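Structure first, then comments.
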There are 2 protein chains.
Amino acid sequence: MAAKINEDLLKERKKCVFDVQELTYYLDGGVQATENRRKLEDRVLSTKGLLDEIPEEYLSHKEKYENAIRKAVMFYRAMQKAADPNLSEQDKATAAYRSLLSSAVFKDNSPFALQLAMFIPAIVGQADEEQRKYWLKRASNFEIIGTYAQTELGHGTFIRGLETTATYDPKTEEFILHSPTLTAYKWWPGSLAHTANYCVVMAHLYINGKSCGIQPFMVQLRDEDTHLPLPGIKLGEIGAKLGFNTVNNGFLGFEQHRIKRDRMLMKNAQVLKDGTFKRSLNSKLTYGTMVYVRVMIVNGMANQLARVATIAIRYSAVRRQSQLKPDEPEPQILDYVTQQHKLFIAIASSHAISLNAKWLWSLYNRVTKDLEKGNTDDLPELHALACCLKAVTTSDTATMSERCRTSCGGHGYMLSSNLPQIYGLITAACTYEGENTVLMLQTARSLVKAYEQAQSGKPLSPTMAYLSEKSTGKQKWTNTVDGIIQGFRKVAVGKISAAVACIKKYRSKGFCPEDAWNKSSVQLVAASEAHCRAVILSTYKSEVERTTSTLSEPLRRVLYQLVELYAVYWTLEKLGDLLLYTSISEGDVLQLRDIYEELLEKIRPNAVGLVDAFDFRDEILNSTLGAYDGRVYERLMAEALKSPLNAEPVNQSFHKYLKPFMQGKL
Amino acid sequence: MAAKINEDLLKERKKCVFDVQELTYYLDGGVQATENRRKLEDRVLSTKGLLDEIPEEYLSHKEKYENAIRKAVMFYRAMQKAADPNLSEQDKATAAYRSLLSSAVFKDNSPFALQLAMFIPAIVGQADEEQRKYWLKRASNFEIIGTYAQTELGHGTFIRGLETTATYDPKTEEFILHSPTLTAYKWWPGSLAHTANYCVVMAHLYINGKSCGIQPFMVQLRDEDTHLPLPGIKLGEIGAKLGFNTVNNGFLGFEQHRIKRDRMLMKNAQVLKDGTFKRSLNSKLTYGTMVYVRVMIVNGMANQLARVATIAIRYSAVRRQSQLKPDEPEPQILDYVTQQHKLFIAIASSHAISLNAKWLWSLYNRVTKDLEKGNTDDLPELHALACCLKAVTTSDTATMSERCRTSCGGHGYMLSSNLPQIYGLITAACTYEGENTVLMLQTARSLVKAYEQAQSGKPLSPTMAYLSEKSTGKQKWTNTVDGIIQGFRKVAVGKISAAVACIKKYRSKGFCPEDAWNKSSVQLVAASEAHCRAVILSTYKSEVERTTSTLSEPLRRVLYQLVELYAVYWTLEKLGDLLLYTSISEGDVLQLRDIYEELLEKIRPNAVGLVDAFDFRDEILNSTLGAYDGRVYERLMAEALKSPLNAEPVNQSFHKYLKPFMQGKL
């Protein structure tokens, strides 16, 4: 697999009209950020033994886990060694923002993933000063391995429904943790099964028979020396899943398990020795962590979609199939307009989602600072945004990722393409950290409230301000990005108004508010989606405008083409809504179809350049179809030959079963 | 796991207003068909050792294969033993039509699947009388195991692009099979890797340097005694995939491999000893097999969707989550209207697809009979229908199956739910046996042709006859199923007309016909879809009308509700098209939303009854979430405990890696 690069890819790269390197710098946030990222990737990936010789899909479930632990330890040390001590925390964060470095090592994620993603943030967000000092040191140095357990076998999104109890015993100054039923078992946390020895557990606190709400407890699960589960603690893994199989998701049950009083994390509420319960003044502070996780999810979607688009577009440039014209060779499938229709929107969406994530991230930082000053004014808006952005971007990314995969035909079905595994990671995000429909309905609740406020003339938060714009009849439609943004806002207003009318209708028929809400919920979700589409599109456009002024003209032009493609694509997808709620005409639609076809044509020569600019190393793509050199068929065969089944010409099952069977003896 | 049934499911079953048994008989095609199916299932599934003790997802790739071979042999013998000798072939076929019996044994399909699905049909369709007699006997008795190899590493849908050559050598009266390049390797056929010892190979025939097209050859791959690949034959498996991992998909390359002249299957073309080539008169006969396979795929989609709906709806009746009203217990998630919106359409779609498959099947039989008489008139229509029905039903089923899966939240992500694996089988159908976009464009070609014929007053085939209906302005819209069918036809006409106009536009700009076609192809696919939606809906309605007259009134009412749900669902989904091409008004839309919400409410009490009527045994559902008794949580835990990782409290990787790592020694 030496330097030779597929001829078609070479030609594609010559065709590209902009500077690929410049786009990479833009995506990373500057030359320095790109260099820092690349340096880290170089150093870590040169560690011997870190990459699998036999792809993990050939191992048994147990072997996969053991192999992942072997690599996790090695990967963590390599990351430590490779870290540049001169970089600021901010620089490190920027370098990590677009990195999928751990994907090169773990196709299906690391068994240590929860340490950084949940355990440490839980300590930071919920432990008091003294606790934080102690636990943070141990966790950061990996003296202990931790996870975070909230979800139970019978309980997910609805936190108040959790059954695990923590009963305070003032005599011994201990909490007694207990799982009263099977459905109370904690279920899902990564690394919980056999890896973690500590865990932050959310449980329902009772003092003197009185409920004190759901509180966090730091629980030691396993003996630090023997790793055996402590008495009163039942641990195990929950079994094989669609993805995340090397993450070691586990279950956890308690049998009257006692822990000391100081193991309750007491930043937001305290239990004194005598059992006095002190609630923190601002219970909204815990919202912060939830929003933070959702911002990270949105950003992750942008990165994964970029990876999927890279694989599918490089493959489509290499793959030749069917005949367009007699006597001409089979064309690259990327020349089929139907293929462009499936793929180019994935590039634009990755940009759109990435910029929205960055924007949401700065909003989050601003609101968090306000919160620290006791100002919670903007929290509801942030919450409503994080809910719908998480839901819509995970859902869009899942759909587009599958479309990219199937656009690679049968070869996209091979695990060596890595497309099925990436989809496994993406689709999980549709149900974890808030199931998408539940989140959409939370945003809908804010929207209905804002809509009613607008009716009574009250001021609205910035992203919902358009709800109070006076609509004087149907404004004239224009086929521009701004016109389309206006259109999507009109749709949102129309749908919210329709949903509100629907609620009223059911109320007037005698239904209680909850039933009326439930009966209108299909429309409420649609309203929420329309709002979110308006937000994503307007943010995408304004962030491109804000951040590209210093870029070269050819690159800027291409980036704007993607904005336009994104806007027109969604207009054509959501035509029913626009025809109902705006003045768009059949003529406008015909013109938009022309514009769309023209945009595909303009983007076509830059398609490979656009995905090259995502700058994923081959190890990170981890795909036979997506490698930089485009040697698709050689790689497919080379990977196939790694299957242990191919080590012998005749499998033992022939002698044992097939032969006697064919001879009629079985 | 004894008899106790979940209380909520018990209540659901009491609520059902129709006779579940009656619906089962209707779906099976009569009491007798149901009884035959059940008897076969009972007998086969009582075979000891046929069902896995340890779920196959815990095995290594190699172990999965070996276990599948062990079971395949046993399953085949059990099927032989269980077969009722008194049943006619027709009765057997009817009993098999809705059966997913082999799914109870193979979550990921059988390594013998290709014997019946492709190898034997290839012999029947392509061997001459003498050949057929010889090979059919050997294949039917499983004296040999065969497969069918067409697709190559570099070539799929486009058959003329195949690179494998068969060069006739008149001196020795042999064909020389050869793979001139890596991309010429056969790639994908099930059982090819290590199971089959014979294979029907499609290769490009050359005689005296002259191409004689793609022809079928019966090739022995492995020695019947030792199972070693014959000289000049390279075999192996293609590696792990998203699904079908126990099917043993393989690759096959030839190095100047010689076979005797009589190994070419000569029904449709002959090579005489001296190298004279005789082409068969009717080369269209081979279309038959392709259409047959597509009919089977459509039927398979109906069955798989029924399976998915059963799992998701039973789980939604058992699962309780969140709060609708204060002080009330968490409701069954099936009571959320958003959940009903996701699930009920899956039931209706399974019925719609099943009836369309049966209808297509009788059309296929009629056309096949005509073909035997030399009448090929209706073949183009059959072909156009099979193309778009295969594409739309596989795509819809894939989408709905994923929606059902995610509607089960995190637990749908567990492999023990079986939902991920079923999706793996379904989504494969979107790219195999004709990639969906390619198929949609084939139907589009027929539609454009028919549209042009209609313009010039020529008569059209029945399913396209509506293209010639004179539209006098926009007809008045009615919110009835018939009105909706008319509407979808109008949309199809509008979209075909728009696509044709688009082609003309590009032609007038100087593009050649092929480029103009390509540039219009996004719209052509949309036109094809609109046509297919009209066909599916009208067939669904007319087949329900035709087949339900003897049913009891309560059942008929429910079946018509599903028809209505299906019609209204798709109207609301495709509103943009309808608003553009029909006279549907905003008022109609508001009313349709009301109707839709009312239908969900009407179907709600019968939801569990509707899926119970699919009558899948627990072994066939193979799902912790879907079992008849609804003991979801007990089953989830019981399955988890089967994971080999749970056999030991401490995994060896702790001592080897984790402990030294946490102690800072690694």
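The values are calculated or read from the model by the stated rules, or taken from the named source; none is laboratory data. Please read all numbers here as calculations on a predicted model, not as lab measurements. Please note: Cβ atoms are built from the backbone with ideal geometry, for glycine as well, and neighbour counts cover all protein chains shown. Surface areas here come from the heavy atoms of the whole protein model, side chains and all, with no ligands, DNA or RNA. Shrake-Rupley method; radii C 1.70, N 1.55, O 1.52, S 1.80 Å.
Here is how the numbers come out for the structure above:
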{"quantity": "Amide hydrogen neighbours beyond the local backbone of B:C212, cut-off 5 Å, H modeled", "calculated": "B:L205, B:Y206, B:I207"}
{"quantity": "Other-copy label distances relative to B:M79, 7 angstrom Cα-Cβ extension, nm", "calculated": "4.9"}
{"quantity": "Integer Hz, Karplus 6.51/-1.76/1.60 couplings in order for the range B:74-87, x for Gly and Pro", "calculated": "5, 5, 4, 5, 5, 5, 4, 5, 7, 4, 7, x, 7, 7"}
{"quantity": "Net dipole in debye of the protein assembly as shown [+1 Lys, Arg Cβ; -1 Asp, Glu Cβ; about Cα centre; nearest 20]", "calculated": "540 debye"}
{"quantity": "Cα-centred dipole magnitude for the range B:300-404, charges only on beta-carbon of K, R (+1) and D, E (-1), debye, nearest 20", "calculated": "260 debye"}
{"quantity": "Accessible surface buried once B binds A (1.4 Å probe; total of both sides; Å²)", "calculated": "11700 Å²"}
{"quantity": "Label 7 Å beyond Cα on the Cβ vector: B:K15 copy-to-copy distances, nm", "calculated": "5.7"}
{"quantity": "Karplus-derived 3J(HN,Hα), 6.51/-1.76/1.60, for each residue of the range B:96-102, Hz, glycine and proline x", "calculated": "7, 4, 10, 8, 10, 3, 5"}
{"quantity": "Cα gyration tensor, the range B:10-94 - rounded (a/c under 1.5), prolate or oblate", "calculated": "oblate"}
{"quantity": "In the range B:231-316, the trypsin sites (Lys or Arg not before Pro) that fall in loop regions by DSSP, at most 11 other Cβ within 10 Å", "calculated": "B:K273"}
{"quantity": "Rg over Rh, two decimals, the range B:115-280 (C-alpha only, Kirkwood Rh)", "calculated": "0.94"}
{"quantity": "Environment charge at B:G412 (Cβ cut-off 12 Å; Lys +1, Arg +1, Asp -1, Glu -1)", "calculated": "+3"}
{"quantity": "Distance in nm between pseudo-label sites at A:D42 and A:E328 (7 Å out along the Cβ direction from Cα)", "calculated": "4.3 nm"}
{"quantity": "Buried on assembly, the range A:319-339 (at least 20 Å² less accessible surface than by itself, 1.4 Å probe)", "calculated": "A:R319, A:Q321, A:S322, A:Q323, A:L324, A:K325, A:E330, A:V337, A:T338"}
{"quantity": "Overall form of the range B:215-260 per C-alpha gyration tensor (a/c, 1.5; a/b vs b/c)", "calculated": "prolate"}
{"quantity": "Ascending list, in nanometres, of distances separating the B:L230 label from those of the other copies (7 Å, Cα toward Cβ)", "calculated": "6.9"}
{"quantity": "Largest to smallest accessible area among B:E330, A:E89 [probe 1.4 Å]", "calculated": "A:E89, B:E330"}
{"quantity": "Förster radius 56 Å - calculated FRET efficiency between A:E433 and A:K15 (Cβ-Cβ, nearest 0.05)", "calculated": "0.85"}
{"quantity": "Distant-in-sequence amide H partners of B:L265 (H built 1.01 Å from N, under 5 Å)", "calculated": "B:F217, B:M218"}
{"quantity": "B:E174 long-range amide H proximity, modeled H, under 5 Å", "calculated": "B:D169"}
{"quantity": "Label-point separation, B:K81 to A:L50 (7 Å along Cα→Cβ), nm", "calculated": "5.6 nm"}
{"quantity": "Per residue solvent-accessible surface (Å²) - chain A, probe of 1.4 Å", "calculated": "38 Å²"}
{"quantity": "Eligible aspartates and glutamates near A:K449 by straight Cα distance, threshold 12 Å, same-chain separation 8 or greater", "calculated": "A:E381"}
{"quantity": "Trypsin sites (Lys or Arg not before Pro) restricted to the range A:400-472 and DSSP loop, no more than 12 other C-beta within 10 Å", "calculated": "A:K470"}
{"quantity": "The range B:116-178-the range A:428-444 distance, computed between alpha-carbon centres (Å)", "calculated": "52 Å"}
{"quantity": "Partnerless Cys - chain B, beta-carbon criterion under 4.7 Å", "calculated": "B:C16, B:C199, B:C212, B:C387, B:C404, B:C408, B:C430, B:C502, B:C512"}
{"quantity": "Qualifying trypsin sites (Lys or Arg not before Pro) for the range B:112-199 [loop in DSSP, other Cβ within 10 Å: at most 15]", "calculated": "B:K171"}
{"quantity": "Student exercise, the range B:115-280 dipole from Lys, Arg, Asp, Glu Cβ charges, in Debye to nearest 20", "calculated": "400 debye"}
{"quantity": "Net charge of neighbours whose Cβ lies under 14 Å from the Cβ of B:Q421, counting Lys and Arg as +1 and Asp and Glu as -1", "calculated": "0"}
{"quantity": "Distance between the range A:467-526 and the range B:534-604 - C-alpha centres, whole angstrom", "calculated": "24 Å"}
{"quantity": "Separation between Cα centres of the range A:239-264 and the range B:332-387, rounded to whole Å", "calculated": "47 Å"}
{"quantity": "Global geometry of chain A, whether rounded, prolate or oblate, following the gyration tensor of its Cα atoms and the 1.5 cut on a/c", "calculated": "oblate"}
{"quantity": "Neighbouring partner chain Cβ atoms per residue of B:245-258, average, 10 Å criterion", "calculated": "1"}
{"quantity": "Percent carbon-and-sulfur accessible area, the range B:115-280, ignoring ligands, DNA and RNA, probe 1.4 Å", "calculated": "53 percent"}
{"quantity": "Selected from B:H194, B:N245, B:V271, residue furthest toward positive end of dipole (the range B:115-280; charges at beta carbon)", "calculated": "B:V271"}
{"quantity": "Global size of the range B:418-474 as Cα Rg and Dmax, reported in angstrom", "calculated": "17.6, 53"}
{"quantity": "Stretchable slack from A:E255 to A:Q652, in nm (0.36 nm times residue separation minus alpha-carbon distance)", "calculated": "138.2 nm"}
{"quantity": "Exercise: per-residue mean of other protein chain Cβ atoms within 10 Å, B:571-578", "calculated": "4"}
{"quantity": "Efficiency of FRET from Cβ geometry, A:K373 and B:N141, R₀ 60 Å, rounded to 0.05", "calculated": "0.10"}
{"quantity": "Estimated inter-spin distance, B:Q32 and A:D128, nm [label 7 Å along Cα→Cβ]", "calculated": "8.1 nm"}
